[in-house]
Amino acid sequence: MADFDNRLARATTATAGYDAGLRAHMLRIYNYMAGALALTGTVAYAVANTPVLLNLFYHQVMTAQGIAVAPTILGYVVMFAPLALVFLLSFRIQQMSMGSAQLTFWAYAAMVGASLASIFLLFDLGSIATTFFVTAATFGAMSLYGYTTARDLTGMGNFLFMGLIGVVIASLANMFFQSAAMNFAISVIGVLVFTGLTAWDTQKIKQYYYAVGSDGTMAGKAAIMGALALYLDFLNIFLFLLRFMGNRR
């Protein structure tokens, strides 16, 4: 009986340790993500409101609808360089030092900020703020669901990934068709896809933690990759919502 009680006590202690470790791990991920979003927003606002920086990345062009902004060569660099950094982190993070992984993550967030400066030129600041808070509420609710649900979201994740591919293909096609109706549909579907992916990614982060535990370097790199996944979910929900919630200048 005493031996059973000892085993039960050890199991309870181990479970409590895992729960505390998981909470600390998730808090670390959310802090990384929040820091990256803050850096992205700061850089975007600074570029949009500093003429010297703005001219490095964008120039104004006349269209049938009025004045628009178009990327310069450097603007195209900061648009596509983040994609390269995502691939670098995805495929090489295990070979990178923790410091290099963190530097790459922050460089990615800063470059995304520079590439998104145009939203401050195209949309009213109030509508940007409103969209951000709606995004934060949506993201928070879905991430909490992914963290607490006992339901296996693997099947939903596979379905959402197919939806994501469809959104990408439709977005590329609409670059040529320029259909307002298609743009609206893509925005709605994009919001739904990335809202679902928020729950799926959160659950996946939780499951990965239980697989690898709190091992120092491995857990640290897992936190960066988890933050990157949730950052992308949040950012895409925000950008898709902004398409039909934002008031254009």
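The values are calculated or read from the model by the stated rules, or taken from the named source; none is laboratory data. None of these values were measured; they are calculated from a predicted model. Positions of Cβ are backbone-derived with ideal geometry, glycine not excepted, and every protein chain shown enters the neighbour counts.
Could you list, in sequence order, all residues of the range 116-159 that are part of a helix (DSSP H, G or I) and touching a strand residue (DSSP E or B) at 6+ places or on another chain (Cβ under 8 Å)?
Taking the range 116-159 and keeping what is part of a helix (DSSP H, G or I), we get 119-122, 125-148, 154-159.
Residues satisfying the conditions are 121, 122.
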Looking at (1) closer than 30 Å to residue 96 by Cα; (2) exposed (fewer than 13 other Cβ atoms within 10 Å of the Cβ), which is the only condition residue 151 fails?
-> (1)
Based on what the data block shows, is residue 220 part of a helix (DSSP H, G or I) and surrounded by 18 or more Cβ atoms within 10 Å (Cβ to Cβ)?
-> no
Checking residue 79 against (1) within 15 Å of residue 218 (Cβ to Cβ); (2) free of Cβ contacts under 8 Å to residues at least 60 places away in the same chain, the condition it does not meet = (1)
Mind listing whichever residues of the range 223-249 are in contact with a strand residue (DSSP E or B) (Cβ under 8 Å, 6 or more places away or on another chain) and part of a helix (DSSP H, G or I)?
-> 242
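Let's see how each residue does on (1) surrounded by 10 or more Cβ atoms within 10 Å (Cβ to Cβ); (2) modelled with pLDDT under 90; (3) at negative phi:
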site: 10; (1), (2), (3): yes, yes, yes
site: 21; (1), (2), (3): yes, yes, yes
site: 30; (1), (2), (3): yes, no, yes
site: 41; (1), (2), (3): yes, no, yes
site: 66; (1), (2), (3): no, yes, no
site: 72; (1), (2), (3): yes, yes, yes
Count, please, the residues in the range 87-115 that happen to be surrounded by fewer than 12 Cβ atoms within 10 Å (Cβ to Cβ), free of Cβ contacts under 8 Å to residues at least 24 places away in the same chain and either of a type in the set (A, V, I, L, M) or part of a helix (DSSP H, G or I) (or both).
-> 4
With respect to residue 77, determine if the residue is part of a helix (DSSP H, G or I) and on the phi < 0 side of the Ramachandran plot.
-> yes
